[in-house]
1. What ranking do 906-918, 703-715, 805-817 get when scored by the average of other Cβ atoms within 10 Å per residue, highest first?
2. Under 5 Å between amide hydrogens, which residues at least 5 positions from F877 or on another chain qualify, with H placed 1.01 Å from N in the peptide plane?
3. Run the simple label-point estimate for D297 and K718 please: 7 Å along Cα→C-beta, distance reported in nm.
4. Please tell me which of these pairs span more than 32 angstrom C-alpha to C-alpha: K761/K873; K702/K826; K373/K895?
5. What distance in nm separates the two pseudo spin-label positions at N528 and S114, each 7 Å out from Cα along the beta-carbon direction?
6. Tell me, in nm to one decimal, what length is gained between D259 and N349 on full extension, where the rule is 0.36 nm per residue of separation less the Cα-Cα distance?
7. Output the peptides 770-779, 275-284 sorted from most to least packed, where packing is the average of other Cβ atoms within 10 Å over each peptide's residues.
8. What is the distance, in nm, between label points placed 7 Å from the Cα along the Cα-to-Cβ direction at E823 and at D492?
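The values are calculated or read from the model by the stated rules, or taken from the named source; none is laboratory data. Every value quoted in this text rests on a predicted model; they were computed, and no experiment measured them. Note that each Cβ is placed from the backbone with ideal geometry, even for glycine, and that neighbours are counted across all protein chains shown. The accessibility values were calculated without ligands, DNA or RNA, using every heavy atom of the protein model including side chains. Shrake-Rupley method; radii C 1.70, N 1.55, O 1.52, S 1.80 Å.
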Amino acid sequence: MSESESPVQVPDDQPNPVLVGPGLKALKNEAYTQATNATPSLEKISGETPSYFNSLPGTKAVTTDSPDIKSQPLQTAGRASSGIDLLRRLSLASDCPMSPDIDPRVQHPGLRLSGRLISAAFCIPYKLNFRSGSDWKLKSRSGTSALFDSFAYLASDETSWSHTLVGWTGEVEPDVDVKSPLQQIHPNSAVNTPPAPSSLVASQPLNKAAAPVPVDGTKKPPAHPLVEGISVTQLDRERLDEQLSSGRHGRVLPVWLSDASEEPEETILLKDQGRWRRYAERELYPLLHYKQHGPTDGRSERRWWADYVRLNQLFADRIVQEYQEGDVVWVHDYHLFLLPSLLRQRIPNIYVGFFLHSPFPSSEFIRCLAKRKEILEGVLGANMIGFQTFSYSRHFTSCCTRVLGFESNSAGVDAYGAHVAVDVFPIGIDARSIQKAAFGAPDIEKTVLGIRKLYAGKKIIVGRDRLDSVRGVAQKLQAFEIFLERYPEWRDKVVLIQVTSPTSVEEEKEDPDNKIAGQISNLVSTINGRFGSLSFSPVQYYPQYLSPREYFALLRVADVGLITTVRDGMNTTSLEYIVCQQTNHSPLILSEFSGTAGTLPNAIHINPWDMVGVAGAINQALNMPAEQRKEQHLKLYKHVVTNTVSMWSRQYLNRLLTNLSSFDQSAATPALDRAKLMKQYRKARRRLFMFDYDGTLTPIVKDPQAAIPSDRVLRTLKSLSADPRNAVWIISGRDQAFLDEWMGHIPELGLSAEHGCFIRKPGSDDWENLAESSNMGWQKEVVDVFQHYTERTQGSFIERKRVALTWHYRRADPEYGAFQARECRKTLEDTVAKRWDVEVMAGKANLEVRPTFVNKGFIATRLVNEYGTAPGKAPEFILCLGDDFTDEDMFRALKKFDLPRDHVYSVTVGASSKQTDASWHLLEPADVIGSIQMLFSANQDH
Ligand SMILES: O=P(O)(O)OC[C@H]1O[C@@H](O)[C@H](O)[C@@H](O)[C@@H]1O
């Protein structure tokens, strides 16, 4: 999860003694202990309103809804953050304003849940150090703190879930006595010895010794030692499983990514471990953030893609080993886009949710991805897909329509007939822990005072970002320069403290020119050269990791928080800043391109590309009256403490389960049992085959006339119908001319055209018109309406058949076409369908109108009666296949016959979760032909 990364960095090479060795029960609740340390544990709170508002001495209970909010200011302004007051607030600030967690099995009895939740995230929450034969050394993995906090919540006693986390081991490093790169650069590294607060007082990096990027930003830091060829035995892996078997995040199951084929199974050779990230971080990450790279010969991309597929498959294997009926699987982020479908292929009625932590861009970007179809279809294996903001979810549904041709609306996507719900869940933070860390950690008050003293008399603007190109650090510096230019009264009175940690994005990590760092360094020099003096530099730039204490102290002393990201899924720094500002109430300036902006309407929103606008916003923030600051902060704060990460987790899971209940996943249609089919086929003396055409024998294509049967289809039909025991019929919405042209040369085939209006019996050239007696006066009215919409929908056209009429929009803009089809259908239903006995049917990117009294079900009934072994006796084998709404008439008709179950095979072509009257499913037309060929060749062998 790149976007929800907390900037709090637990130094990489600082082993956490609690995490080493067995007895890992101590792991639980460990992650923040470094920061929170002695703070007493808090009682569980589940109040309705965060009690922050009524917890302060001398303060009447006030909520943001209170009309007299202004007349009841919080009694804190100007007061030092005394430990007692703050901890009191802290203990009262509710993390869980929702009702307490109810066992999902009780809430959703229809789902037959096991009560087990399996989360799948790219990496486990620990970095692993390996020495063969000894215990693994585990260090907290930095970043993605919100997600890891969510796992901790799900594994805690606050929920009734039994939680298991499945994640990649990450790059395993050897536990050798070699100094880390940080220590190599700075032998007296403060990584192991946190810097004294006085280090903040010098005009140098806050934690200079730990700086992994040289301060001048021009030289590249030394490369991380390549970890090549670590052999991990079965015993070593089992030891790790044991070490991770319980802890703060529940049971953690590591996924081992390797080319297993190269090695005997008991030993895994780990080499070029970074390859597992490449496709996701070089191809997907940039595109998801609206960045497109230049053209390449595609070779590397193909290799990366193969690794990406394998990565997802290995996750699927691990989960399938672990899975028990009724488990819920929650998959996280873009490294695992393919996992939902891979799981569904293996366990058709599995409950799977997916959450994307990064942004999802406009379909114009996604359509540039070579593997766009695979990625979208992969994630559509989920039952519900969650996004950080509405615009990301809107982009996604639109993409499914534009790229895959699936129908969609804001509630979800209809993927091969399966409803995939789409919803919005902006993630939060663990506000309680942040409060503890920011106000209760030892020595934090000293650090706060140290920074204040250093910049006494100056307003402090704070920026803290990762050095990715999407974080907008360059834009921030440029805007700050304009601010000093346009508002000279602030010169020498304002300092911008900008801290950046190295990027974690694969592509940018390997940027040979270190372009961003160089650009930032130049900007800092320019601004300090223009507006600084010998004694003061207005930009204090610190390219380094911060300890949690320094980080929170910095957020506390800020007079303005400045976030100018040009694209992010969500921004934890902004949320943590709000928590840290509970006594100062300093304003937050937040980019409108951050996923968090939508949830923080009381921040000052800026467009980071409008430098003058940002400069103006800085001035506005610095001049904001105390009352206004307080009022705005109160609203922001209320949001952050009520919308916590635990609340997010609960809301997501509740919504997933509600969706699962409403779409009755337990009724998933099983895949066609070919063995059963073949058994009955062999036994039967009379067999009836009824095939729909479009979408069943041939895939849906842009131009309906181009959907001609392949040689394979024709050969299969010919062979099948050559057997005198078989009656083979094509029952289609197509007209006679099309069916005659492409299948008329197989005399043994029976044909039905225009949804049952016409039939041509086997061995005959003549068509019988079943709609002959019907008045066709409705046709002109329908054509007029179709004409109206054709003129207004570029790319749409009318197909005139003898009876039925079809309006096609598959060559029109998919979303506009679908919109126009809905309008057109409404018009027809309100007019023509009220006057005539006709049905208006929504097909695949088309609308059809035909008389009501004939339909495919009627033909199916007639054929079953006609082809029995004796009058009144149905065939002993019936196979009926179709893919759309009109074919459901056949499935329903078959249900009405009281025939032995193993004699009738109604099969829908599409997803197992499609709502259908068919008893079986096959995924696509190729599977239909495969199944028929199997019968036919089996029959020959017989
Ligand atoms: O019933 P089928 O074979 O799936 O065909 C449905 C529709 O498919 C479209 O492609 C044809 O142009 C229509 O004429 C037809 O009605």
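1. 906-918, 805-817, 703-715
2. Residues meeting the criterion, in which the H sits 1.01 Å from N, are R686, L688.
3. Each label point is offset 7 Å from its Cα along the Cβ direction, giving 4.4 nm.
4. On the way: K761/K873 20 Å; K702/K826 25 Å; K373/K895 36 Å.
Result: K373/K895 exceed 32 Å.
5. So the label points at N528 and S114 sit 5.8 nm apart.
6. Details: separation 90, 0.36 × 90 = 32.40 nm, distance 2.99 nm.
Value of the extension gain: 29.4 nm.
7. The most tightly packed comes first, giving 275-284, 770-779.
8. It is 6.5 nm.
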